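Here the structure comes first, spelled out in structure tokens, and everything after it is commentary.
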Amino acid sequence: MSTPAISLAGVTKRFGKFTAVDRLDLEVPAGVTFGIIGPNGAGKTTTIRMVMNIMKPDEGEIRVLGEKMNDRLQERIGYLPEERGLYRKMKVIDQLLFFAEIKGVDRPTALKRLGPWLESMDLSPWLQKKTEELSKGMQQKVQFLGTIVHDPEVLILDEPFSGLDPMNVILLKDFLAEFKRQGKTVVFSTHVLEQAEKMCDRIALIYRSKKLLDGPLREIKRAWRDRVPLPLPVEPEPELEAIFVKVVEESGLSAPSAEELK
Amino acid sequence: MNKKLLAVIRREYLQQVRTKGFWIATALIPTIGLGIIFIQVLLARSMVAKGRIGVVDMTARLYEPLVAEYQKEGDRDPDEEKEKTVAPESAKKPTLPTKMEFFKVDATPETLAEVRKKLNLDVQKERIKAYLVLEAKTLENGVAEWRAESVKADMVMREKVAGLLSRAATKERLKDRGVDPEIYEKARLRITVDPHEAKEIETETSKDAGFNLAVSGVFFFLIYISIFIYGAYIMRGVMEEKNNRIVEVLVSSVRPIDLMLGKIIGIGFVGLTQYAIWGALAVLASLPGVVAMLGMAEGMPPIPALTIVAFIVFFLLGYFLYAAIYAALAAPFNNEQEAQQLLMIPTMLLVLASTTWFFAFNQPNGPMAVVLSFFPLTSPLLMFMRISVQPPPAWQIALSVAMLAASVWGMAWLAGRIYRVGILMYGKKPTIPEIFRWVRQAD
């Protein structure tokens, strides 16, 4: 079997008397989309921060792509934290190039890679603007591009959908689907179970610092089939998201510019 | 050098240099500096001794000689005339024109109180500038009374009058002893002490000394003010990254220590850029053609190389030390208000250091100056000043630089440990014991 993308063995993190993560074992196989689910305060963000080496575990061992965290390894991971932001006074293009540089990608390569994305996201006209002049939705796109500009092998996202506008939720989902097609690993945390259910191959449920459930989603569903009530069969009906996209498309209106949004 | 650190340095540098604020400050600081000098020149010119002065002469011997002395010299000081003939190469002191008018007020010991009353009123109503009361004993005890609106004001005028009175009185006293006052006039000699270095080849003449001291003073002030300004930049930058929530994105790519060092180095380069611009302007201003155009009599003598080297070394080391302190103090807090109390510490130290220039100036090898030029928080300013006044032994300079460099290293290490934990702390303001716990935390 190939090296797992991420593995945690007996990882514990305490803040004073509070144990945020308690002897956590976790393995994320390469190439899967993995959901860490659980309520707020369960220990998801702390776990992810330890994987990213932003915090050190008190006990246990963490490996990403078979290695302990190091400078080179950082360059193979894309990370979107829950607490995220941009330099407000910096031009969009400078910002993206800076993110590329600190991930070890030189500027020409970064520019070449960014080109198609900038076109498809309608960001090209905004490259020379300061970030603070952009609408929130545009800023979210810039933030996401900054996360993937170095073409990472593993993508780690902490509550990626929180605060996104509906268009960007769709955009992000498409991106993640594309990543999966390319055989890359995506790990994201969420407290919205619906998202995890739709997108993940495997999930882990963390509750009160402990892992309660872990495995391929389909197997989990099969195992619990007889122990939880099944939903009543319903008439297939379109999803609101699909309706939203269709309505917007048929209206023939272009996406709002930042000035209009202000 | 590591590429990520370079990227951080580049970002910090370009972001600062591209702001309008940087260019405004670059233009404004020398403008304000020159403005202050200009105003001082104007002030000096306006310090003309001017006004009507009443003289209550109860010696009955001094009024006429006083007026005679005043008229004889016009607005020339005979002391300086003589000085020029004796030491023609000495720097020319600007002589201040005077426009005084003396008038005699009669009084006897009996009427003096009445006369004072009237003259006091004249002064208060600004009909006259001041009045002198020369008691009968003035020629013996050398004390004259000056009455004006303020005891403190009109120093220049008072000095002038004192000079005139002294000469008048001396001549009267010589007459009493049967000496012709003309002899006194001819025999009087004022000697200037011309300082030279005790070496066969002098590197600094007294003519350059004043200029060099002024340059050292300006550089001293620049070190002080830039540490302040750029320290504040560091602090605001750290808090900005924290408040924008960008810092977690950054530390997933860059080690916190590199992020901190990058910020400090980048902003340090901003400072050097500013100096380079000013330096270039100064060089431009001292080119012969420009000098002639500006109507300056002679160009500036060259600034000693040692002063420039010392300036750069001590500015950089001092800046790094304080920048690390500011970074460490900014990281744990959410805004400037929260950090205020702790920020008082480096600020007060810096202000204190700036007030100690006097020690280096007056007694560059005195115990106070020597101690302060080793203590890292004051040495950037004090050792620089000592070097530019009277270079201390090489071992002292080396020791001072070594201690400062070691402190920079130690402080950067300490600041890095506080920084990496602090920048991820949101919400509650941390206590000082908590901050110390971060320092002890294992990697």
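The values are calculated or read from the model by the stated rules, or taken from the named source; none is laboratory data. Every value quoted in this text rests on a predicted model; they were computed, and no experiment measured them. Neighbour counts run over all protein chains shown; Cβ positions are idealised from the backbone, glycine included. For the accessible areas, the whole protein counts, side chains as well, though only heavy atoms, and no ligand, DNA or RNA atoms are used. Shrake-Rupley method; radii C 1.70, N 1.55, O 1.52, S 1.80 Å.
Springs between Cα atoms under 10 Å define the GNM used for chain A, and in it the highest mean-square fluctuation of A:ILE36, A:ILE156, A:ILE243 occurs at A:ILE243. Computed over all pairs of different Cα atoms, the Kirkwood value for the hydrodynamic radius of the protein assembly as shown is 32.4 Å. Overall, the stretch B:336-443 carries a charge dipole of about 200 debye about its Cα centre when +1 sits on the Cβ of Lys and Arg and -1 on the Cβ of Asp and Glu, all other atoms neutral. Taken residue by residue and averaged, Cβ atoms of other chains lying within 10 Å of the Cβ of A:80-87 number 6.
The region of chain B that goes longest without hitting one of the GluC sites (Glu not before Pro) in a DSSP loop, each with at most 10 other Cβ atoms within 10 Å, is B:299-443. Going toward the positive end of the dipole of the protein assembly as shown, with +1 on Lys and Arg Cβ and -1 on Asp and Glu Cβ, which of B:ALA369, A:LEU217, A:MET52 do you reach last? Going by the charge dipole, the pick is A:LEU217. Residue by residue along B:5-11, Cβ atoms of other protein chains within 10 Å of the local Cβ number 4 on average. Within chain A, DSSP assigns beta bridges of which about 55% are antiparallel (rounded to the nearest 5).
Work through the residues other than A:ASP25 whose Cβ is under 13 Å from its Cβ and net out their charges, Lys, Arg +1 and Asp, Glu -1. Net charge in that neighbourhood comes out at -1.
For the set A:LYS112/A:LYS173; B:LYS104/B:LYS125; B:LYS117/B:LYS137; A:LYS210/B:LYS4, the pairs lying more than 25 angstrom apart at their alpha carbons are A:LYS210/B:LYS4. Which of the three applies to the stretch A:84-151, rounded, prolate or oblate, going by the alpha-carbon gyration tensor with a ≥ b ≥ c and a/c under 1.5 meaning rounded? Cα axes put the stretch A:84-151 in the prolate bin. This model, with +1 at the C-beta of Lys and Arg and -1 at the C-beta of Asp and Glu, gives the protein assembly as shown a dipole about its Cα centre of some 900 debye.
Legend: residues A:LEU213, B:LEU28, A:LEU24, sorted from most to least accessible area (1.4 Å probe; ligands, DNA and RNA excluded), read B:LEU28, A:LEU213, A:LEU24. Given R0 = 45 Å, the distance between the Cβ atoms of A:SER2 and B:ALA398 translates into a calculated FRET efficiency of 0.15. Note on A:PHE144: accessible area approximately 20 square angstrom, rounded to 10, probe 1.4 Å, nucleic acids and ligands left out. Of A:VAL234, B:VAL143, B:VAL238, the order by accessible heavy-atom surface (1.4 Å probe, DNA, RNA and ligands excluded), from most exposed downward, is A:VAL234, B:VAL143, B:VAL238. Among the protein heavy atoms, those of B:THR192 account for about 70 Å² of accessible surface (1.4 Å probe, every chain in place).
What you get for the stretch B:205-251, charging only the Cβ of Lys and Arg (+1) and of Asp and Glu (-1), is a dipole of about 80 debye around the Cα centre. Peptide A:93-101 shows a mean partner chain C-beta count of 4 within 10 Å per residue C-beta.
Can you sort A:ASP165, B:ASP258 by 1.4 Å-probe accessible area, starting with the largest?
Descending accessible area places them as A:ASP165, B:ASP258.
For the protein assembly as shown, the antiparallel share of DSSP beta bridges with both residues in that region comes to about 45%. Secondary structure note: in chain B, about 25% of the DSSP beta bridges are antiparallel.
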